[in-house]
Amino acid sequence: MQIIQPHYHAIARTAQDYERMAMSGVVAVAEPAFWAGFDRKYPETFLDYFRQISEFEPTRAAQYGIRHFSWVAVNPKEAENPVLTRDVLKHFPEFFAKPTVLGVGETGLHKSTRNECESLEAHVEIAMRHGQLVLIHTPHLADKAHGTKRVLEVLAGMNVDRERIWIDHVEEQTIRPCLDAGYWVGFTLYPITKCSPKRAVDMLEKYGTDRILVNSSADWGPSDPFTLQECILEFRRRGHSLQEAIEVFHNNPCRFLGQNPKFDIQPIRIETVTGAAVSA
Amino acid sequence: MLTPSQVVDTYFLESRHQLLEIAAYLDRYDAAVARAGERNGEAAADEKKLAVLRRALEIVAEPKPAAERTVALLELFATV
């Protein structure tokens, strides 16, 4: 099995996770910028963080044969400081020029405040202006339905390329409006607080596999990068073929992330080789 | 030992997760029945396990049960 982990906070994980991911077939990860667990105070703190995930993390991942890509953003929780947000956003074009940075993320909403919505709009605007991809975080638990609705409202008021926008952390109550609006969506698999592997497979079976990404996020909180592999096992256990699994867990990330030419991993197809002839 | 408030707060998210898994299981069954119906198939031949599960959920939801819920469930599950 070849797997791409499209949303993974490597900075918060040990090398052992890279090693075990490599052993289980993960060939690439993409690391969005996220909340550190406290509100950063200085623009330079963000810039050094972006440097860490765009310059150092690829070298750490490479030791295990894993390609590493990243995104830049000011997290929704930190959007309550609009001056800081603006000061950090000014530097985004420098990072868009880096060889493994794919776009803006994870932006999005937490409590759907006015500052958060304005920050989301500014993030999406700069991404569209520079031809970048966008990864949007939707709120957790009780805030999710309202926050997702607000995300869709903000985006509907902008001139965006919906194929280049990924709305993450969708669940059963939010997936349909996001797919119907033409965006990519992501299922984030957490042990307790977000979607689970079984529920993710239920949604894949109900909505099909187009424009769907599956990830385990995996950060400094209760999380497990191998919920992605659990999901693959559940998917296969229900009778879906290896190629169908590859379509979801490798090729869909290629299709979305590959819209940025820096992500040069191509979709793959499994072939059966019989004797000297190759048959599809 | 935990106070009542600590019990509520400590185990709420975990319990929420477990209930969502059960809800998803029942939705998954309904979806499978719907697919089978489209192919002129039928529901599961024996829905006793589902009936037991639904009775278990009633016991779990009881605010002032006569006996411990876990004991009642274990005795109920012993019938399948």
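No lab work stands behind these numbers, since they all come straight from the coordinates. For clarity, every value in this text was computed on a predicted model and none was experimentally measured. Using ideal geometry, Cβ is built from the backbone for each residue, glycine included, and neighbour counts are taken over all protein chains shown.
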With springs only between Cα atoms under 10 Å, which of A:Leu189, A:Leu228, A:Leu47 fluctuates most in a Gaussian network model of chain A? A:Leu47
Please find, in a Gaussian network model of chain A (springs between Cα atoms separated by less than 10 Å), the residue of A:Gly103, A:Gly186, A:Gly258 whose mean-square fluctuation is greatest. A:Gly258
The protein assembly as shown: spread of alpha-carbon positions along the three principal axes, whole Å, largest first, is 68, 66, 41
Restricting the calculation to Cα positions, tell me the Rg (one decimal) and the Dmax (whole number) of segment A:4-120 in Å. 14.6, 44
Taking only Cα atoms of segment B:18-66, the Rg to Rh ratio with Kirkwood Rh works out at 1.10
What is the Cα centroid distance between segment B:37-59 and segment A:50-119, reported in whole angstrom? 48
Which one of A:Ala61, A:Ala36, A:Ala127 has the biggest mean-square fluctuation once chain A is modelled by GNM with Cα springs under 10 Å? A:Ala36
Total Lys pairs in the protein assembly as shown closer than 13 Å by alpha-carbon, pairs eight or more apart in sequence or interchain only? 7
Test of the criteria: in segment A:43-114, which trypsin sites (Lys or Arg not before Pro) are in a DSSP loop and have at most 13 other Cβ atoms within 10 angstrom of their Cβ? A:Lys90
